[in-house]
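Everything on this sheet refers to the single structure shown next.
The values are calculated or read from the model by the stated rules, or taken from the named source; none is laboratory data. Bear in mind the structure is a predicted one, so any value in this text is a computation, not a measurement. Note that each Cβ is placed from the backbone with ideal geometry, even for glycine, and that neighbours are counted across all protein chains shown. The protein model used for the area step is the full one, side chains on, heavy atoms only, and it has no ligands, DNA or RNA in it. Shrake-Rupley method; radii C 1.70, N 1.55, O 1.52, S 1.80 Å.
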Amino acid sequence: MNILHIDSCALGDHSTSRQMTSAATAALTAAHEQATVLYRDLAASPLSHASGPLLQVISQRWDADIPMNAELRAEALQSVSLLQEFDEADVVVLGAPMHNFSVPSTLKAWMDRLLELRAATAIALGPRRNDVHVVLVTAGCGMLGLEPAEELMHHHESQLRAAFRHLGIQHLDMVRQLADLQQVLEFKRAA
């Protein structure tokens, strides 16, 4: 089992989503002794935000009037590597808390690259693996003092579901609290 563990919350050890992604990864590796884990901390090592030239390169719509430089080439290669990490995972454990009414900008930068690359390569590569399982931790999204917190969470999670459906993910579990995580892990052990 290949596990891709991604954190995006900037709160470090104080982050509920980080605590839950860590617990999920630990439980999965305990249940699968041969599991390998690739960890990516998008807050500690943020990706640059997708510039117009980068999006043109990775979506294969390059404008020859824009000069290609070493930095842009490296960013494009890194984007391909990120998609490869994602595609090679059997399970993706991803912390995606709500931050200022959206995902953390570092997670958005990661998703921008994957979504653009997936769209560009969909026709050339044909059908994608659809057995990747994503455990999406949206914990830590409490919006203090706001009445429609459940509505905000539903919207947050709906956007994430749509993005992962676009990436070809059919097995996606949303986890907001520890009890949800335990249910997901019990189901994963039974599978």
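Brief remarks follow.
- What the Cα convex hull of the chain gives, in volume per residue, is 126 Å³.
- Region 149-159 - phi-based ³J(HN,Hα) in whole Hz, Karplus 6.51/-1.76/1.60, Gly and Pro as x: 4, 5, 5, 4, 5, 4, 5, 4, 5, 5, 5
- A 1.4 Å probe, protein heavy atoms only, puts the accessible area of GLU150 near 110 Å².
- Using C-alpha pairs under 8 Å with a sequence gap of at least 6, the mean separation divided by the residue count of region 4-139 gives a relative contact order of 37 percent.
- Of all DSSP-defined beta bridges confined to the chain, some 5% are antiparallel rather than parallel.
- What you get for the chain, charging only the Cβ of Lys and Arg (+1) and of Asp and Glu (-1), is a dipole of about 260 debye around the Cα centre.
- Karplus (6.51, -1.76, 1.60) ³J(HN,Hα), θ = phi - 60°, over region 168-179, in Hz, Gly and Pro reported as x: x, 7, 10, 10, 9, 10, 8, 10, 9, 9, 4, 4
- Residues with amide H under 5 Å from that of VAL92, placed H, sequence gap 5 or more: LEU4, HIS133, VAL134, VAL135
- Distance in nm between pseudo-label sites at ALA26 and ASP13 (7 Å out along the Cβ direction from Cα): 1.3
- Cα-centred dipole magnitude for region 48-110, charges only on beta-carbon of K, R (+1) and D, E (-1), debye, nearest 20: 220
- The chain - percent of accessible surface contributed by carbon and sulfur, probe 1.4 Å: 54
- The HN-Hα couplings worked out from phi for region 36-50 by the Karplus form 6.51 cos²θ - 1.76 cosθ + 1.60 (θ = phi - 60°) are 10, 10, 10, 10, 10, 9, 6, 7, 6, 10, x, 7, 6, 6, 5 Hz, whole numbers, x standing for Gly and Pro.
- A straight chain from SER45 to GLN177 at 0.36 nm per residue would run longer than the Cα-Cα distance by 44.9 nm.
- A DSSP coil position with no more than 11 other Cβ atoms inside 10 Å describes the following trypsin sites (Lys or Arg not before Pro) in region 11-89: ARG61.
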